[in-house]
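What follows is a set of notes on a single structure, which appears directly below.
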Amino acid sequence: MKKITLCGDDCLKCPRYLAKTDTDLKNVAKLWYKIGWRDTIVSNDEIRCSGCSSHKKCTYQLVDCVKEKGIKKCNQCYDYPCKKIKDMLRRSYKYKIKCQKVCTQEEYEMLEKSFFNKEENLKK
C-alpha cells in the first residue's frame, strides 16, 4: 500500500509521519533542524504529522492550489507540471544534496525514500 502526498512524498516511509512516541518526534525535530527544514528544534506537537490536509501550511503553496482546483494531487491538474511543481522539484533536489552532506547514511536513505522520489511518485 502507498500513501503518496499531493506533491509526491511517500508518507509511509516518512520519519515524521511514522513518528508516534515522544522520543521519535523529538528525533525528527532534531533531524529537520539539522537539515534546515526548521530554524529551531520545534515541539513534538509542531513536528507531528498525520498527512497533508487543508489545515497545514505548505511551503510550496500546493495545498491551497489543489484545494482551489478541486483535485487531490498535483499530477491531476491540467497545468501539471506548473511553475510551483518545477520550483518544488528544484528545491527538493537542493535538499537532497544537503542531506547527502549533513545526514548519516541511515538518515539519508530514509529521507531519500520518503522525499526524493517526488517526480516518479507523481507519475504513478
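The values are calculated or read from the model by the stated rules, or taken from the named source; none is laboratory data. Since this is a predicted model, take the numbers as computed values, not measurements. With ideal geometry, Cβ positions are generated from the backbone for all residues, glycine too; neighbour counts draw on all protein chains shown. Areas reflect the complete protein model, heavy atoms only, side chains present, ligands, DNA and RNA absent. Shrake-Rupley method; radii C 1.70, N 1.55, O 1.52, S 1.80 Å.
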Which number in (1) among the hydrophobic types (A, V, I, L, M, F, W, C); (2) in contact with a Pro (Cβ under 7 Å, 6 or more places away or on another chain); (3) at pLDDT below 95 marks the one condition that residue 28 misses?
-> (3)
In the range 89-106, residues that are over 14 Å from residue 37 (Cα atoms) and open to solvent by less than 50 Å² (accessible area, probe 1.4 Å) total 1
If you go through the range 66-73 one residue at a time, do you hit one that is touching a residue at least 40 places away in the same chain (Cβ under 8 Å), under 16 Å from residue 117 (Cβ atoms) and more than 13 Å from the chain's Cα centre (by Cα)?
-> yes
Find all pairs meeting these conditions: Cβ atoms under 6 angstrom apart; at least six residues apart or on different chains; first residue within the range 25-44 and free of Cβ contacts under 8 Å to residues at least 24 places away in the same chain; second residue part of a helix (DSSP H, G or I) and open to solvent by 60 Å² or more (accessible area, probe 1.4 Å).
-> 41/30; 41/33; 44/22
Residue 56 versus (1) modelled with pLDDT of 95 or more; (2) within 18 Å of residue 25 (Cβ to Cβ); (3) of a type in the set (Lys, Arg): which is the lone unmet condition?
-> (1)
